[in-house]
Amino acid sequence: MTVATQTKVHNYSAGPCILPREVFEKAAQAVLDLDGSGLSILEISHRSKPFEAIMAKAQSLVKELLGAPEHYQVVFLGGGASMGFHMIPQNYMKPGGKAAYANTGEWASRAIKESKLAGETLVVASSEDKNFNYIPKGFAIPTDADYFHFTSNNTIFGTQYKQFPKSPVPMICDMSSDIFSRPVNVADFALIYAGAQKNMGPAGATVYLFDPAHLGKTGRKLSPMMDLNNHAAKDSMYNTPPVYAVYVSMLTLEWMKSLGGSAAIEKRNAAKAELLYGAIDRLPLFKGTTAVEDRSVMNATFVLNDAALEPTFDALWKEAGISGIRGHRSVGGYRASMYNALPLASVQAMVDVMEQFAQKHG
Ligand SMILES: *Cc1c(COP(=O)(O)O)cnc(C)c1O
């Protein structure tokens, strides 16, 4: 099989996004022949022995990388994290009960919208007053809420919780854009969920890691497809799981383990973020858009002080092989997404362009 040569593109895409080169190579090989079986990963049953082993491995690697307690369960479902926004109130909110949410951006807002359809939804903290450019702190979570939901990293606005809230009620977190980027204490969470396509794999799978003790408690009648307990009882095979997305996620999880797990990955990510934010702060042409203490290690958002220079800056970074740093339409400017697989060398390439630009136009 021929594999395309290593590309020279520095891929800053916000999601779907960069994955490790070696994962692409293994994933490409498995499309043609899965582990010498003579069959493609795309043509085997999800109930075949090879796929059962892939699913089991992916599930155990999720727990291992996050150091999850033994009794926590893992399922991989389709539907994206956005389906999770709907499933969470279904699985955790009592009929007539209420939920507490922190609103720190577009994805948090969408989760709130879904919860409101299910029942009373209290927004206990929000940073909407400043276009979500900071993380609210020191807010109270009512002890009579059925659960508390927050978004650990705000992909669009570039903010990230550096310390997680302390919740008196079961805590649920959308970690779509920073799962496996740092160690977390899983036991503090009733449920962590994440769409695969930012730090774990390709689009198409969403991982749910949860303490089963908090499920099946609401008395709400659930469609089996919306019931996390049902998916767990069927070991993520109630219906056909997203086979290929789970396979490629498993390869990426193996790669993260080979790097030394989430503590080692946190160090790599910190070095990348330091390098980029250092340039943003040092070069007067650039300005970060978020509160400094809440800056995301995954998605760095910034603008040019003189927007008229954007076309000049754009030409420079494109010429350097940089891709995907255009900011989201709700923030403008630029967003550099530095997910786990982005190498430090790509950040250096970006900083070189920024320095070059500053020398000419500063
Ligand atoms: C991308 C993203 C989502 C949406 O994921 P889908 O898989 O498109 O539904 C949700 N939450 C966060 C934090 C995200 O970054």
Single residue of the stretch 137-147 satisfying the filter (out of contact with any helix residue (DSSP H, G or I) (no Cβ under 8 Å at 6 or more places or on another chain) and crowded, with 19+ Cβ neighbours inside 10 Å) that is nearest to TYR161 (Cα to Cα): ILE141
Residues of the stretch 91-134 satisfying the condition of being touching a Pro at 6+ places or on another chain (Cβ under 6 Å), closer than 18 Å to ASN153 by Cα and of a type outside the set (A, V, I, L, M, F, W, C): SER127
Those residues of the stretch 83-118 which are of a type outside the set (Ser, Thr, Tyr), buried (at least 17 other Cβ atoms within 10 Å of the Cβ) and in a loop (DSSP other than H, G, I, E, B), in sequence order: MET93, GLY97, GLY105
Which listed residue, of ILE265, ILE280, is under 30 Å from ASP129 (Cα atoms) and modelled with pLDDT of 95 or more: ILE280
Matching residues in the stretch 317-347 - criterion: being in a helix (DSSP H, G or I) and exposed (fewer than 15 other Cβ atoms within 10 Å of the Cβ): LYS318, GLU319, LEU344, ALA345
Residues (touching a Lys or Arg at 6+ places or on another chain (Cβ under 8 Å) and within 16 Å of the ligand (Cβ to nearest atom)) located in the stretch 194-221: LEU209
Qualifying residue in the stretch 149-166 (condition: surrounded by fewer than 21 Cβ atoms within 10 Å (Cβ to Cβ), at pLDDT 95 or above, in the same structural domain as GLU52 (by TED's automatic domain parsing) and over 30 Å from LYS287 (Cβ atoms)): yes
Count of residues meeting criterion [within 16 Å of the ligand (Cβ to nearest atom) and outside any loop (DSSP other than H, G, I, E, B)] in the stretch 31-82: 6
The stretch 101-131, residues that are at positive phi and within 12 Å of the ligand (Cβ to nearest atom): GLY105
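The values are calculated or read from the model by the stated rules, or taken from the named source; none is laboratory data. Everything numeric in this text was worked out from a predicted model, so none of it was measured. FYI the Cβ positions are ideal-geometry reconstructions off the backbone, even for glycines, and counts take in every protein chain you see.
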